[in-house]
Amino acid sequence: MNTSKKILVAPLNWGLGHASRCIPIIYALKENNFTPIIASDGASLHLLKKEFPNDIFEILPDYNIQYSEKGEDFRFKIFKQLPKLFFAIRKEKKVLDKIIKKHEISGIISDNRPGIFSSKIPSVYITHQVNVLSGNTSWISSKFHQHFIKKHKECWVPDVSDGINLSGRLSHENSDLKNIKFIGPLTRFKKKNLPKKHDLLVVLSGPEPQRTLLEEKLRIELSEFKGAILFVKGLVEKEQKMAKQNNFTFYNYMEADELEIAIQESEYIICRSGYSSIMDLAFLGAKAFLIPTPGQFEQEYLAKKLKKEGSVPSCAQHKFTLDKLQKIDIYSGFRTYNFNRNWVELFTCFQGK
């Protein structure tokens, strides 16, 4: 009989970043005699099921946020859907109560899911956005997010606490929260000494329709690229599919171990400037070019931050052209960050109520 404590791990389904950075946490829970119960929805749930096929899963309500085709409309469309978001959070709380009783959950790790919180058991919240950037409404969106954060026993920020850091003002400014704990950047990858096989790797991710719009643009702009291109679409489907066209090799998705190898076998990488992607690239020391999702202030800020520091080049999606890849070697590359942490110490929060 399994007597280990059961910890619910629930990442937000908003791109694949929240789910991917929960992968090392799930492995660490197992290594420290906890039993993870995994809960999410959509592509994030599919990703984790492929990574942990023998684990226990629960389906959470879909936030069902719709995104705009024009980046400048992104903020307006998100704010317009706030009532729907509140409804989803309330629904999420009801589902959570059933999951806690069904599995006798002893603790919660919620990655940016506000409704996954219980005052009855230790609850941890993971975010790199203590401050949520939304232009001239950043103070409202930040206060709204911090309202949920402060309810939790601890808020784990996957970044270093001081010095040169990855998240910048997203988590290092203007917060009076007392439960913040910087746990160091998270990555599911391991470093390997591998020979280069691909001249360029494209890794797409994030919400539609922007994922498709970037795919279409890159297909056109990279058609004159001289070299082998490995193109991962970021479409998590039931079966992995591969196709070749000229110097392109297309995959609908890759498992974590496959992507880990692909990045290290590639000279250059093009991807979004999502925080989880940045953590993975920084850990591997990859040479990259970043294209933020239009209208996502967080990604736009992170891309500009790294560009300003002289680490990684980037540009707006509509401005990307093939010749911009020449800038990669001009930049210094990612800095060195401390990815080590004491999981035993972190998990003490689940000892007792």
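The values are calculated or read from the model by the stated rules, or taken from the named source; none is laboratory data. Predicted model only: the values in this text are computed from it and were never measured. Every residue, glycine as well, gets a Cβ built from its backbone with ideal geometry; the counts of neighbours run over all protein chains shown. We work out accessible area using only protein heavy atoms, side chains counted, and drop any ligands, DNA or RNA first. Shrake-Rupley method; radii C 1.70, N 1.55, O 1.52, S 1.80 Å.
Of all the listed residues (SER311, SER276, SER332), the sole one being under 18 Å from the mean Cα position of the chain (by Cα), under 26 Å from ARG169 (Cβ atoms) and not aliphatic (A, V, I, L, M) is SER276. The set of residues in the stretch 7-58 being open to solvent by 50 Å² or more (accessible area, probe 1.4 Å), in contact (Cβ under 8 Å) with a residue 24 or more places away in the chain and in contact with a strand residue (DSSP E or B) (Cβ under 7 Å, 6 or more places away or on another chain) consists of ILE56 alone. Tell me, yes or no, whether the stretch 244-251 has at least one residue that is within 17 Å of the chain's Cα centre (by Cα) and under 27 Å from GLU298 (Cβ atoms). No, every residue in the stretch 244-251 fails to be within 17 Å of the chain's Cα centre (by Cα) and under 27 Å from GLU298 (Cβ atoms).
May I ask you to verify whether TRP139 is open to solvent by 10 Å² or more (accessible area, probe 1.4 Å), more than 17 Å from ASP97 (Cβ to Cβ) and among the aromatic types (Phe, Trp, Tyr)?
Working: open to solvent by 10 Å² or more (accessible area, probe 1.4 Å): yes; more than 17 Å from ASP97 (Cβ to Cβ): yes; among the aromatic types (Phe, Trp, Tyr): yes.
Judged against the criteria, TRP139 is a match.
Taken over the stretch 182-200, the residue count meeting the criterion of being farther than 30 Å from GLU221 by Cβ and either modelled with pLDDT of 95 or more or open to solvent by less than 60 Å² (accessible area, probe 1.4 Å) (or both) is 5.
When the stretch 253-275 is filtered for residues that are assigned to a loop (DSSP other than H, G, I, E, B), modelled with pLDDT of 95 or more and either among the acidic types (Asp, Glu) or surrounded by fewer than 24 Cβ atoms within 10 Å (Cβ to Cβ) (or both), only GLU265 remains. Please verify whether GLU298 is open to solvent by 10 Å² or more (accessible area, probe 1.4 Å) and part of a helix (DSSP H, G or I), treating the condition exactly as stated. Considered against the rule, which asks whether it is open to solvent by 10 Å² or more (accessible area, probe 1.4 Å) and part of a helix (DSSP H, G or I), GLU298 comes out as yes. Scanning for something in a helix (DSSP H, G or I), touching a Phe, Trp or Tyr at 6+ places or on another chain (Cβ under 8 Å) and at pLDDT 90 or above, does the stretch 63-78 turn up at least one residue? The answer is no, given that none of the residues of the stretch 63-78 is in a helix (DSSP H, G or I), touching a Phe, Trp or Tyr at 6+ places or on another chain (Cβ under 8 Å) and at pLDDT 90 or above. The set of residues in the stretch 146-205 that are part of a strand (DSSP E or B) and not hydrophobic (A, V, I, L, M, F, W, C) comprises GLU154, LYS181, HIS198, ASP199.
When the stretch 1-48 is filtered for residues that are under 18 Å from ILE121 (Cβ atoms) and assigned to a strand (DSSP E or B), the ones remaining, listed by number, are LYS5, LYS6, ILE7, LEU8, VAL9, ALA10, PHE34, THR35, PRO36, ILE37, ILE38, ALA39. Listed conditions (1) open to solvent by less than 10 Å² (accessible area, probe 1.4 Å); (2) modelled with pLDDT of 95 or more are all met by ARG113, apart from (2). Contact annotation: residue pairs with Cβ atoms under 7 Å, 6 or more positions apart or on different chains, pairing a residue in the stretch 318-333 that is under 11 Å from LEU290 (Cα atoms) with a partner that is surrounded by fewer than 16 Cβ atoms within 10 Å (Cβ to Cβ) and basic (Lys, Arg), are PHE320/LYS217.
Residue count for the stretch 206-217 under the criterion of being assigned to a helix (DSSP H, G or I) and surrounded by fewer than 21 Cβ atoms within 10 Å (Cβ to Cβ): the result is 6.
The set of residues from the stretch 218-252 being at pLDDT 95 or above, surrounded by 12 or more Cβ atoms within 10 Å (Cβ to Cβ), within 23 Å of ASP280 (Cβ to Cβ) and small (Gly, Ala, Ser) comprises just one member, ALA228. VAL157 meets all of the listed conditions (1) under 19 Å from the mean Cα position of the chain (by Cα); (2) closer than 24 Å to GLU51 by Cβ; (3) surrounded by fewer than 19 Cβ atoms within 10 Å (Cβ to Cβ) but one, namely (3).
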